[in-house]
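Asks: Sharing a structure with you now.
The values are calculated or read from the model by the stated rules, or taken from the named source; none is laboratory data. The structure presented is a predicted model; accordingly, all values stated were derived computationally and were not measured. Glycine gets a Cβ as well: all are built from the backbone with ideal geometry, and neighbour counts include every protein chain shown. Quick note on the areas: whole protein, heavy atoms, side chains included, nothing else; ligands and nucleic acids left out. Shrake-Rupley method; radii C 1.70, N 1.55, O 1.52, S 1.80 Å.
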Amino acid sequence: MKQKKILYAGKAKSVYRTDEKGRLIVEFRDDITAFDGGKKDVLKNKGSYNAGVSAFFFAYLAKNGVRTHFIEMLDAHRMVVRELAMIPLEVIVRNIAAGSIVRNYPFKEGTKLDPPVIVIDYKDDSRHDPMLNDELIVALKIATPQELRKIKAAALKVNALLVKLLAKQGITLVDFKIEFGRENKTIYLGDEISMDSMRLWDRKTGESLDKDVYRFNKGDVMDTYDRVAKRITKTAKKP
Ligand code: CDP
């Protein structure tokens with residue numbers, strides 16, 4: 001497969017056309033950003049840790065009946081995916097209160113949320129990703145009510161599967177963000193599922209094993225990503 005012209009460059013990933021119809025390449029770069037791009041760095045090998053963990057999760061989810069855009073890895077930081085028309089929603093699933101839900105609502109950090117709470121934000125950096133509700137999503141014609149039902153059901157299924165997988169490694173899935181897209185009328189899970197898009201806590205120590213280490217200068221980010229990638233995939237090697 002040949003990598004062709006760049007379609008899009010986000011804060012940490014770039015997307016390229018390929019010589020195959022309906023197939024794109026997603027490159028996980030070594031850029032890391034937080035606070036709406038207010039904090040930025042380049043951390044060597046970071047992209048390959050997130051690519052590897054994303055690929056591992058996508059393969060596991062696919063095996064368990066979730067439609068994802070993942071096809072195969074080209075190398076440690078480039079993934080071949082199905083081309084989707086992305087839906088501009090950030091679908092966040094929360095099992096434990098942390099982050100913005102604690103800042104914006106009277107939840108104490110660490111409170112268990114059972115059943116899990118789904119929060120859907122409008123993916124628009126210029127508006128700082130405002131929170132939506134079902135009526136707004138339909139009125140904005142972002143998704144139909146039927147699609148929204150499918151998206152929420154898929155998000156809860158992904159959550160249940162990831163909670164189970166991570167628990168086996170002694171990791172608590174606090175929350176995560178996923179994105180969906182369409183190919184014709186079918187909805188697929190797109191984007192990434194990585195340490196940049198999840199909150200993971202060590203079950204015993206409560207240590208952060210995700211981008212919060214970077215956001216709040218809690219320690220050596222790459223050491224954390226290396227350790228957690230190995231724990232998640234068990235066989236992951238240092239790239
Ligand atoms: O990270 P922050 O507290 O600002 O936002 P949040 O709403 O608490 O984020 C919930 C989860 O979604 C965290 O695991 C974030 O890493 C993830 N997220 C993301 O990956 N991208 C965003 N634009 C917003 C949240």
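Asks: Taking the chain as a Gaussian network, where each spring joins two C-alpha atoms under 10 Å apart, which residue of ILE96, ILE171, ILE142 fluctuates the most?
Replies: ILE142
Asks: State the three equivalent ellipsoid semi-axes of the chain, derived from the C-alpha gyration tensor as the square roots of 5 times its eigenvalues, in descending order and whole Å.
Replies: Semi-axes (√(5λ), whole Å): 25, 24, 18.
Asks: About the Cα centre, and with charges only on the beta carbon of Lys, Arg (+1) and Asp, Glu (-1), how big is the dipole of the chain? Nearest 20 debye, please.
Replies: On the way: 45 positive and 33 negative charges, 131 e Å.
It comes to approximately 620 debye.
Asks: Filter the chain for me: DSSP H helices, axial length by Cα at least 20 angstrom, mean Kyte-Doolittle hydropathy not below 0.5. List them by residue number. All intermediate terms of the calculation are to be shown ahead of the outcome.
Replies: Values: long enough: 46-63 (26 Å, 0.41); 145-167 (33 Å, 0.54).
Helices meeting the criterion: 145-167.
Asks: Also: From Cα pairs below 8 angstrom and at least 6 apart in sequence, can you work out the relative contact order of the chain, rounded to a whole percent?
Replies: That works out to 18 percent.
Asks: For the chain, modelled as a GNM with alpha-carbon contacts under 10 angstrom, which of VAL158, VAL91, VAL138 fluctuates the most?
Replies: VAL138
Asks: Another question about this same structure. Sort ASP191, ASP125 by heavy-atom solvent-accessible area, probe 1.4 angstrom, most to least.
Replies: ASP125, ASP191
Asks: How far apart, in nm, are the 7 Å Cα→Cβ label points at LEU140 and LYS234?
Replies: 4.1
Asks: Of all accessible surface on segment 177-227 at a 1.4 Å probe, what whole percent is carbon and sulfur?
Replies: About 43 percent, which is the carbon plus sulfur part of the accessible surface.
Asks: Let me ask something else. How many percent of the alpha carbon pairs in segment 23-140 exceed a separation of 26 Å?
Replies: Result: 37 percent of Cα pairs exceed 26 Å.
Asks: Cα centroid distance between segment 83-125 and segment 2-73, in Å?
Replies: If you average the Cα positions of each part, the centres end up 21 Å apart.
Asks: If you keep only loop residues by DSSP, which trypsin sites (Lys or Arg not before Pro) in segment 166-239 have at most 16 other Cβ atoms within 10 Å of their Cβ?
Replies: Taking segment 166-239 and a limit of 16 other Cβ atoms within 10 Å, the loop trypsin sites (Lys or Arg not before Pro) found are LYS168, LYS185, ARG203, LYS204, LYS218, LYS234, LYS237.
Asks: By average Cβ neighbour count within 10 Å, what is the ranking of 64-70, 5-11 from highest down?
Replies: The peptides rank, most packed first, as 64-70, 5-11.
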